[in-house]
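To keep things clear, I will list the structure first and then write my remarks on it.
The values are calculated or read from the model by the stated rules, or taken from the named source; none is laboratory data. Keep in mind the model is a prediction, meaning the values are calculated, not measured. Backbone-built Cβ (ideal geometry, glycine too); neighbour counts: all protein chains shown.
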Amino acid sequence: MKKIIIKAIVSIVVLIFVFSAGLWMGLTFDLIKSYFIKNDNNAETGGVSQEEKSGILDNISDGIKSRFSIKPFEEALDYISSDAFSELSRQELLKAGIEGMLSRLDDRHSEYFAVEEYQRIVESYSGTMSGIGVIVTQQDDGSIVVVQTLPDTPAAGAGIEKDDLIIKVDGIDIRDMVLESVVAMIKGEEGTSVNITFYRPADDSEFEVDIIRERFYIPNLFAEIIEGNIGYVQYIGFQDGGAGYLDSEIDKLVKDGAEAIIFDLRNNPGGTLDDAIKVCDLFMNNGVIATVRGRTENSERVDEYQANKGKYTELPMVILINGFSASASELVAGALRDSGRAILIGETSFGKGTVQVIHELSDGSGIKFTSAKYFLPSGISVEGVGVKPDIEVELTVEDTEDVQLESALDKVKEIMRGKS
C-alpha cells in the first residue's frame with residue numbers, strides 16, 4: 001500500500017472507527033522571530049536599529065499571543081469555581097467548557113470522554129475487553145441496537161438477541177447518548193455486574209437483565225470453507241492488525257481448496273482507516289482505494305490512497321452488505337466494487353462517509369470530532385446515501401434461510417463457471 005499526499009500537511013492523530021496516524025509539523029513564532037533577526041544582521045537596517053527591530057517583533061509576538069491567549073478562559077474558570085452561587089468543581093467546569101467548544105461544531109459525532117471512558121474506548125481496540133459480548137451500533141434516530149451477540153459470552157448466556165435495543169444502563173436512560181459513551185458504560189471490570197434494560201421490537205416488550213462482565217477476545221473475523229470450494233469470511237470490525245489476520249486466514253482457506261471468497265461485511269460498524277486500506281490492498285493490484293479530504297492546521301489536506309500489487313487479485317469475490325454496514329466497511333465494499341474487483345449483494349449500507357479523530361488530552365481524557373470526509377474511487381461520498389448493492393436482496397425476519405448468503409453463493413458459482 002502506498003499513500004500519495006496531494007497537499008502535504010502532515011499531522012499526528014489517533015483514529016477510532018476510521019483513521020491511522022501521521023506526524024505533526026509546526027513552526028513557532030519565536031523561531032520566525034529569530035530567523036528575521038539573524039538574517040537582518042547581513043542586511044541594510046534602513047534607519048532602524050537591531051534593538052528597534054527586535055522590539056517591533058516582540059510587540060508583534062505579544063499581539064499574536066494576546067489574540068490567542070487562553071488566559072480569559074482560565075480567569076473565568078477561577079472566578080466561577082470560587083464565587084458562583086452554583087458550586088461546581090474546576091473539573092466539571094473544564095468539561096463543560098470543552099463540551100461547549102465541541103457543540104459549536106454542529107457535529108453529531110463529536111464528544112468529550114472522561115478519563116475512565118477514554119481508557120475503556122482505547123482498550124476496546126486492543127483486541128480484548130471486559131464486557132458482556134455484544135456488537136452494537138447507533139441508528140439515525142440515536143437508538144443503540146445490538147447487531148450481533150458473540151458466542152460464549154455473558155450476553156449470549158443472558159439471551160440477548162440481534163435487533164434488541166438498549167434503553168438503560170444501570171438505571172440511566174441512554175437514548176440521548178453517543179455510542180462510545182454507552183459502550184463505555186457497559187464495559188467494566190471483570191467480575192462486576194451491569195444492569196441493562198432492553199427493548200425487543202419483535203415482541204414489543206422491555207426486559208431487564210443483570211449481567212456479570214467477563215474478559216474475552218474480540219474476534220474480528222470468522223472464516224470457513226462452505227459448498228466445497230468456496231471460502232466464507234465474516235469480517236466483524238476493522239481493527240489494528242486485522243488485515244494481517246485476514247491474510248493468514250484466506251491463505252489457509254486457499255490451501256484447503258477455496259477457489260473463491262464470499263466476504264461478509266453485514267453488521268460491520270467500521271473501524272480504523274488503516275485496516276480498511278490494507279484489506280482492500282489484499283485484493284487490488286493498482287488504482288485508487290480512497291481519497292480523504294479534510295483539514296489540518298487550518299489548511300486543506302487531501303490524501304489519496306493507492307493499491308500496490310495485491311495477493312488475492314484473481315480470487316473471485318462477492319461482498320455482502322446491509323443497513324448496518326458502516327464507515328470502513330462501506331469504504332471497502334465501495335472501493336472493491338468501483339475497482340471492478342467484487343460484486344456487492346444485499347441491502348444499501350448505512351451511509352457514514354465522514355472521518356472522526358480522537359485525541360487524548362494531557363489529563364488522560366479525550367475528545368472526538370469529525371475532521372474529514374472520504375470518497376470512493378468513483379469520486380462519490382457515501383455520507384447520507386450509503387453504498388447500493390449490485391444485486392439487491394432483502395433479508396426479513398420472516399426468512400427462515402439466509403437468502404442473501406444463498407444469493408452470494410449462486411453469484412460466486414456463476415463467476416467461477418465463467419472463469420473455467
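Just for the range 95-139: of the residues that are among the aliphatic types (A, V, I, L, M) and touching a Lys or Arg at 6+ places or on another chain (Cβ under 8 Å), which one is surrounded by the fewest Cβ atoms within 10 Å (Cβ to Cβ)?
Ala114
Would you confirm whether or not the range 81-94 contains a residue that is at pLDDT 85 or above, within 20 Å of the chain's Cα centre (by Cα) and part of a loop (DSSP other than H, G, I, E, B)?
Step one: list which residues in the range 81-94 are at pLDDT 85 or above, which gives 81-94.
Still in the list and also within 20 Å of the chain's Cα centre (by Cα): none.
No, every residue in the range 81-94 fails to be at pLDDT 85 or above, within 20 Å of the chain's Cα centre (by Cα) and part of a loop (DSSP other than H, G, I, E, B).
Output the residue which, of all residues in the range 250-296 that are part of a helix (DSSP H, G or I) and charged (D, E, K, R), is surrounded by the fewest Cβ atoms within 10 Å (Cβ to Cβ).
Keep residues of the range 250-296 that are part of a helix (DSSP H, G or I), which gives 250-255, 273-283.
Okay, now just the ones that are also charged (D, E, K, R), so 251-252, 255, 274-275, 278, 281.
Numbers: Asp251: 13, Lys252: 13, Lys255: 8, Asp274: 23, Asp275: 26, Lys278: 21, Asp281: 22.
Filtering the range 250-296 for residues that are part of a helix (DSSP H, G or I) and charged (D, E, K, R), the one surrounded by the fewest Cβ atoms within 10 Å (Cβ to Cβ) comes out as Lys255.
So Gly237 ticks every box in (1) in contact with a helix residue (DSSP H, G or I) (Cβ under 8 Å, 6 or more places away or on another chain); (2) assigned by TED's automatic domain parsing to the domain that holds Leu320; (3) of a type in the set (Gly, Ala, Ser) but one. Which box is left unticked?
(1)
Pro201 versus (1) under 22 Å from Phe324 (Cβ atoms); (2) surrounded by 12 or more Cβ atoms within 10 Å (Cβ to Cβ): which is the lone unmet condition?
Result: Pro201 passes all but (2).
For the range 166-177, name all the residues that are surrounded by fewer than 19 Cβ atoms within 10 Å (Cβ to Cβ) and in contact (Cβ under 8 Å) with a residue 12 or more places away in the chain.
Quick first cut of the range 166-177, residues surrounded by fewer than 19 Cβ atoms within 10 Å (Cβ to Cβ) only: 167-168, 170-173, 175-176.
Those that are surrounded by fewer than 19 Cβ atoms within 10 Å (Cβ to Cβ) and in contact (Cβ under 8 Å) with a residue 12 or more places away in the chain: Ile167, Lys168, Asp170, Gly171, Ile172, Arg175, Asp176.
So, Ser381, is that one among the hydroxyl-bearing types (Ser, Thr, Tyr) and surrounded by 21 or more Cβ atoms within 10 Å (Cβ to Cβ) or not? Give the steps one after another, and end with the answer.
Working: among the hydroxyl-bearing types (Ser, Thr, Tyr): yes; surrounded by 21 or more Cβ atoms within 10 Å (Cβ to Cβ): no.
No; evaluated as a whole, the condition is false for this residue.
Taking Ala333 and the conditions (1) part of a helix (DSSP H, G or I); (2) out of contact with any Leu (no Cβ under 7 Å at 6 or more places or on another chain); (3) closer than 15 Å to Ile262 by Cα, which numbered condition does it fall short on, given that it satisfies the others?
That leaves (2) as the condition not met.
Among the numbered criteria (1) farther than 25 Å from His359 by Cα; (2) at pLDDT 90 or above; (3) out of contact with any helix residue (DSSP H, G or I) (no Cβ under 8 Å at 6 or more places or on another chain), which one does Glu99 miss?
Glu99 satisfies all of (1) farther than 25 Å from His359 by Cα; (2) at pLDDT 90 or above; (3) out of contact with any helix residue (DSSP H, G or I) (no Cβ under 8 Å at 6 or more places or on another chain) except (1).
So Leu246 passes all but one of these: (1) farther than 23 Å from Gly379 by Cα; (2) touching a residue at least 60 places away in the same chain (Cβ under 8 Å); (3) surrounded by 17 or more Cβ atoms within 10 Å (Cβ to Cβ). Which condition number does it fail?
Answer for Leu246: the failing condition is (2).
Pull out all pairs, ordered by first then second residue, where Cβ-Cβ is under 6 Å, the residues are six or more apart or on different chains, the first lies in the range 148-165 and is under 13 Å from Arg200 (Cβ atoms) and touching a residue at least 24 places away in the same chain (Cβ under 8 Å), and the second is surrounded by fewer than 19 Cβ atoms within 10 Å (Cβ to Cβ) and aromatic (Phe, Trp, Tyr).
Leu165/Tyr199
Is at least one residue of the range 342-351 surrounded by fewer than 20 Cβ atoms within 10 Å (Cβ to Cβ) and over 30 Å from Pro201 (Cβ atoms)?
Yes: the range 342-351 contains one or more residues that are surrounded by fewer than 20 Cβ atoms within 10 Å (Cβ to Cβ) and over 30 Å from Pro201 (Cβ atoms).
Can you name every residue in the range 287-313 that is farther than 21 Å from Glu383 by Cα, modelled with pLDDT under 95 and either touching a helix residue (DSSP H, G or I) at 6+ places or on another chain (Cβ under 6 Å) or not hydroxyl-bearing (Ser, Thr, Tyr) (or both)?
Matches in the range 287-313: Glu297, Asn298, Asn308, Lys309, Gly310.
Starting from residues that are of a type in the set (A, V, I, L, M, F, W, C) and out of contact with any Leu (no Cβ under 9 Å at 6 or more places or on another chain), keep the ones in the range 140-155 and report whichever is surrounded by the most Cβ atoms within 10 Å (Cβ to Cβ). Before you say what the answer is, go through the steps one by one.
Kept after step one, since they are of a type in the set (A, V, I, L, M, F, W, C), are these residues of the range 140-155: 144-147, 150, 155.
Still in the running and out of contact with any Leu (no Cβ under 9 Å at 6 or more places or on another chain): 147, 150, 155.
Values: Val147: 21, Leu150: 18, Ala155: 24.
The qualifying residue surrounded by the most Cβ atoms within 10 Å (Cβ to Cβ) is Ala155.
Kindly indicate whether any position in the range 248-255 is within 27 Å of Val122 (Cβ to Cβ) and in the same structural domain as Val412 (by TED's automatic domain parsing).
Yes, some residue in the range 248-255 is within 27 Å of Val122 (Cβ to Cβ) and in the same structural domain as Val412 (by TED's automatic domain parsing).
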